[in-house]
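A.B. asks: I have a structure I would like to understand better, so I am pasting it below and will then ask my questions one at a time.
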Amino acid sequence: MLQASVYELFAWTCFCMDIRITVLALLLLLGGMSSLSSPQAPLLEKVFRYMDLHQDEFVQRLREWVAIESDSVQPVPRLRQELFRMMALAAEELRGLGASVSLVGSGSQQLPDGQTLPIPPIILAELGDEPEKPTVCFYGHLDVQPAAQANGWLTDPYTLTEVDGKLYGRGATDNKGPVLAWMNAVGTFRALEEDLPVNIKFILEGMEEAGSVALKELVAREKDGFFSSVDCIVISDNLWVSQRRPALIYGTRGNSYFMVEVRCRDQDFHSGTFGGILHEPMADLVALLGSLTDSSGRILIPGIYDHVAPVTEEERDMYSAIELDLEEYRNSSQVKTFLFDTKEEILMHLWRYPSLSIHGIEGAFDEPGTKTVIPGRVTGKFSIRLVPHMNLSVVEKQVKQHLQYIFAQRNSSNQMAVSMVLGLHPWIANIKDPQYLAAERAIKTVFGTEPDMIRDGSTIPIAKTFQDIIQKSVVMLPLGAVDDGEHSQNEKINRRNYIEGSKLVAAFFLEMVQLQEVAGTSP
Ligand SMILES: Cn1cncc1C[C@H](NC(=O)CCN)C(=O)O
Ligand SMILES: [Zn+2]
Ligand SMILES: [Zn+2]
């Protein structure tokens, strides 16, 4: 009985794979443009077949990684220990793939409250250094955002749980799943005893969610070392704009994060005994924060739009070509009305215009209940997403000047202090770089469709650093779907995205080789 069902399962698997392989062959045949029609197609078929058969092992590995609470955001010793454990596990797995691995110590972090915490080591790993092969460097991060089941998760965030082909867990899509997809690709060539088509390097950090502390220094230090032979850097730390259709990303916004403190004294007041005779810090702060944008989201800081690159005709066409079902987008994000009505306007305001968001107020009375307090000192937090060609120090000056002007108008006796605590540059790629062509072809091979060419409204702090310091092209090859919910409750990656994503990486390796061969044979 058991044997019969195992046999049935086996037969069914073979049948499914036959269909897959037939479909693949057809796609390769149809995609006359795809350069993988021969001689690599049989190899790729083998790789895909292996990945389909071993997908449960890949999922199991992701389960082990998700189980580690590698939260870099909450600055507590226990979580830092988890981060160290995470980096050690990844290093071990890379060694298992045959890589030479170094864990680069990154010192410690001084927190504003005087506490010092150790920074987890950064992993530099490399497999192969054959000069005739292209060298691809993959950057990813193993730290995650905080998550607690009490916070609205339907399952334990640190226990990977599969429901309807969706793998729920903190870090599943950001960024543990995609990092593993890259390792799965390498591991598959190894398991099949096939030569890895490219030299590959991994740079993996554990402090991305905290602003990539210590990473920039390492990249600068290793410019002529670890990075000297690198042809391109690939990052899979973003999402598609669709649930089904893959994408390539050619730009990310930067961010400038501000704190504005308004202080009367360090102690709170009773509103019954002081209310009526004070310049209240909270009233000043609310006015300051309220002066930053108008009700249509436009930033009111003078000069802030001066250096925003004008929209080109070519760009307009690119935005029109993107597939976005606005209705579905609105529904899935549970927002009744956005500030803009058309797909183009919405995407442009997410990706290529700056935006200002107010994040919170430290010191405000934000607990439930009706305490009659006047906070004595409050700190407002807001940030401005930056786009080409805005300049960080110009933005800093404009923000400070504006807040000083508004504050002066209030004639308040309180003290205001403004500081820019984070300055992260925007990044934009040249989509004519050949690596984009390789990625596009790989997507066509695996998904049978052209990718959406998109940007990302959030920030990958290290992208611009890679581009500036190493001066090699950076490609963003996202593997997750639009509804993965990074940073949110019930973060997930679809099993499909994880497994096809692993295939995509393998196909990308072969396309990189193809590029080189074409370039090598051209006059
Ligand atoms: C830490 N930080 C502060 N300002 C910006 C950031 C980076 C953060 N990065 C992401 O979310 C990556 C998404 N794929 C963000 O954009 O908020
Ligand atoms: Zn991330
Ligand atoms: Zn993140």
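The values are calculated or read from the model by the stated rules, or taken from the named source; none is laboratory data. All of these numbers come straight from a predicted model, not from anything done at the bench. Glycine also receives a Cβ, built like all others from the backbone with ideal geometry; neighbour counts cover every protein chain displayed.
A.B. asks: Among the listed residues A181, A210, A172, A185, identify the single one that is in the same structural domain as K492 (by the TED database) and surrounded by fewer than 22 Cβ atoms within 10 Å (Cβ to Cβ).
C.D. replies: Values: A181 fails: surrounded by fewer than 22 Cβ atoms within 10 Å (Cβ to Cβ); A172 fails: surrounded by fewer than 22 Cβ atoms within 10 Å (Cβ to Cβ); A185 fails: surrounded by fewer than 22 Cβ atoms within 10 Å (Cβ to Cβ).
Going through A181, A210, A172, A185 in turn, the sole match is A210.
A.B. asks: Going through K464, K444, K432 one at a time, which residue ends up being within 16 Å of ligand 1 (Cβ to nearest atom) and not polar (S, T, N, Q)?
C.D. replies: Values: K444 fails: within 16 Å of ligand 1 (Cβ to nearest atom); K432 fails: within 16 Å of ligand 1 (Cβ to nearest atom).
Going through K464, K444, K432 in turn, just one is within 16 Å of ligand 1 (Cβ to nearest atom) and not polar (S, T, N, Q): K464.
A.B. asks: Residues in region 348-375 that are assigned to a loop (DSSP other than H, G, I, E, B) and surrounded by 19 or more Cβ atoms within 10 Å (Cβ to Cβ): how many?
C.D. replies: The first filter runs over region 348-375 and keeps only residues assigned to a loop (DSSP other than H, G, I, E, B), leaving 352-354, 363-372, 375.
Adding the requirement that they be surrounded by 19 or more Cβ atoms within 10 Å (Cβ to Cβ) leaves 352-354, 363, 375.
Counting residues in region 348-375 that are assigned to a loop (DSSP other than H, G, I, E, B) and surrounded by 19 or more Cβ atoms within 10 Å (Cβ to Cβ) gives 5.
A.B. asks: Determine if region 254-262 includes at least one residue that is in contact with a strand residue (DSSP E or B) (Cβ under 6 Å, 6 or more places away or on another chain), more than 16 Å from ligand 2 (Cβ to nearest atom) and assigned to a loop (DSSP other than H, G, I, E, B).
C.D. replies: Of region 254-262, the ones in contact with a strand residue (DSSP E or B) (Cβ under 6 Å, 6 or more places away or on another chain) are 254-262.
Subsequent filtering for residues that are more than 16 Å from ligand 2 (Cβ to nearest atom) retains 256-262.
Pick out the ones that are also assigned to a loop (DSSP other than H, G, I, E, B) and you get none.
No, region 254-262 contains no residue that is in contact with a strand residue (DSSP E or B) (Cβ under 6 Å, 6 or more places away or on another chain), more than 16 Å from ligand 2 (Cβ to nearest atom) and assigned to a loop (DSSP other than H, G, I, E, B).
A.B. asks: Which members of region 316-337 meet the condition of being surrounded by 15 or more Cβ atoms within 10 Å (Cβ to Cβ) and among the aliphatic types (A, V, I, L, M)?
C.D. replies: Answer for region 316-337, where residues must be surrounded by 15 or more Cβ atoms within 10 Å (Cβ to Cβ) and among the aliphatic types (A, V, I, L, M): M318, I322, L324.
A.B. asks: Another one. Can you find, within region 266-301, the residue that is farthest from L403 (Cα to Cα) among those that are assigned to a helix (DSSP H, G or I), in contact (Cβ under 8 Å) with a residue 40 or more places away in the chain and hydrophobic (A, V, I, L, M, F, W, C)?
C.D. replies: Of the residues in region 266-301, the ones assigned to a helix (DSSP H, G or I) are 271-274, 281-290.
Now restrict to residues that are in contact (Cβ under 8 Å) with a residue 40 or more places away in the chain: 271-272, 274, 281-282, 284-285, 287-289.
Checking which are hydrophobic (A, V, I, L, M, F, W, C) leaves us with 274, 282, 285, 287-289.
Working: F274: 26, M282: 15, L285: 10, A287: 10, L288: 6, L289: 9 Å.
Ranking the candidates gives F274 first.
A.B. asks: Further question: Identify, from the list Q401, Q415, Q409, the residue that is within 30 Å of V311 (Cβ to Cβ) and more than 31 Å from the chain's Cα centre (by Cα). Before the answer, list the steps.
C.D. replies: On the way: Q415 fails: within 30 Å of V311 (Cβ to Cβ); Q409 fails: within 30 Å of V311 (Cβ to Cβ).
Criteria check complete, one pass: Q401.
A.B. asks: Quick test for you: out of G485, G480, G501, pick the one residue that is within 16 Å of ligand 2 (Cβ to nearest atom) and surrounded by fewer than 22 Cβ atoms within 10 Å (Cβ to Cβ).
C.D. replies: Numbers: G480 fails: surrounded by fewer than 22 Cβ atoms within 10 Å (Cβ to Cβ); G501 fails: surrounded by fewer than 22 Cβ atoms within 10 Å (Cβ to Cβ).
The conditions single out G485.
A.B. asks: Suppose the filter is within 24 Å of W153 (Cβ to Cβ), free of Cβ contacts under 8 Å to residues at least 24 places away in the same chain and either part of a loop (DSSP other than H, G, I, E, B) or not assigned by the TED database to the domain that holds Q398 (or both); does S488 pass it?
C.D. replies: Details: within 24 Å of W153 (Cβ to Cβ): yes; free of Cβ contacts under 8 Å to residues at least 24 places away in the same chain: yes; either part of a loop (DSSP other than H, G, I, E, B) or not assigned by the TED database to the domain that holds Q398 (or both): yes.
Yes, satisfied.
A.B. asks: Sticking with this one: Would you mind stating whether A125 is more than 16 Å from ligand 1 (Cβ to nearest atom) and either touching a Lys or Arg at 6+ places or on another chain (Cβ under 8 Å) or not assigned by the TED database to the domain that holds I493 (or both)? Don't jump to the end; show me each part of the working.
C.D. replies: Details: more than 16 Å from ligand 1 (Cβ to nearest atom): yes; either touching a Lys or Arg at 6+ places or on another chain (Cβ under 8 Å) or not assigned by the TED database to the domain that holds I493 (or both): yes.
Criteria met by A125.
A.B. asks: For a quick check of your reading of the model, give me the residue pairs whose first member lies in region 503-515 and is in the same structural domain as L437 (by the TED database), whose second is charged (D, E, K, R), with beta-carbon atoms closer than 8 Å and at least 6 apart or on different chains.
C.D. replies: Between residues of region 503-515 that are in the same structural domain as L437 (by the TED database) and residues that are charged (D, E, K, R), the close pairs are A507/R441; E511/R441; M512/D231; V513/K133; Q514/R441.
A.B. asks: Here is a list: V395, V378. Which entry is more than 16 Å from ligand 2 (Cβ to nearest atom), buried (at least 22 other Cβ atoms within 10 Å of the Cβ) and not in a strand (DSSP E or B)?
C.D. replies: On the way: V378 fails: not in a strand (DSSP E or B).
After applying the criteria, what remains is V395.
A.B. asks: Something else: Quick one: is Y305 of a type in the set (S, T, Y) and either part of a helix (DSSP H, G or I) or in contact with a helix residue (DSSP H, G or I) (Cβ under 8 Å, 6 or more places away or on another chain) (or both)? Give the derivation first.
C.D. replies: Values: of a type in the set (S, T, Y): yes; either part of a helix (DSSP H, G or I) or in contact with a helix residue (DSSP H, G or I) (Cβ under 8 Å, 6 or more places away or on another chain) (or both): no.
Considered against the rule, which asks whether it is of a type in the set (S, T, Y) and either part of a helix (DSSP H, G or I) or in contact with a helix residue (DSSP H, G or I) (Cβ under 8 Å, 6 or more places away or on another chain) (or both), Y305 comes out as no.
A.B. asks: Give V474, V505 a once-over and let me know the one that is at pLDDT 95 or above, within 27 Å of K216 (Cα to Cα) and within 16 Å of ligand 1 (Cβ to nearest atom). Let's see the steps before the verdict.
C.D. replies: On the way: V505 fails: within 16 Å of ligand 1 (Cβ to nearest atom).
V474 is the lone residue from the list that is at pLDDT 95 or above, within 27 Å of K216 (Cα to Cα) and within 16 Å of ligand 1 (Cβ to nearest atom).
A.B. asks: Can you name every residue in region 197-220 that is among the acidic types (D, E) and within 16 Å of ligand 1 (Cβ to nearest atom)?
C.D. replies: Our first condition is that a residue be among the acidic types (D, E); within region 197-220, this holds for 205, 208-209, 217.
Those that are among the acidic types (D, E) and within 16 Å of ligand 1 (Cβ to nearest atom): E205, E208, E209.
A.B. asks: Let me ask you something else. Among the residues of region 130-169, which ones are surrounded by 22 or more Cβ atoms within 10 Å (Cβ to Cβ) and among the acidic types (D, E)?
C.D. replies: Answer for region 130-169, where residues must be surrounded by 22 or more Cβ atoms within 10 Å (Cβ to Cβ) and among the acidic types (D, E): just D143.
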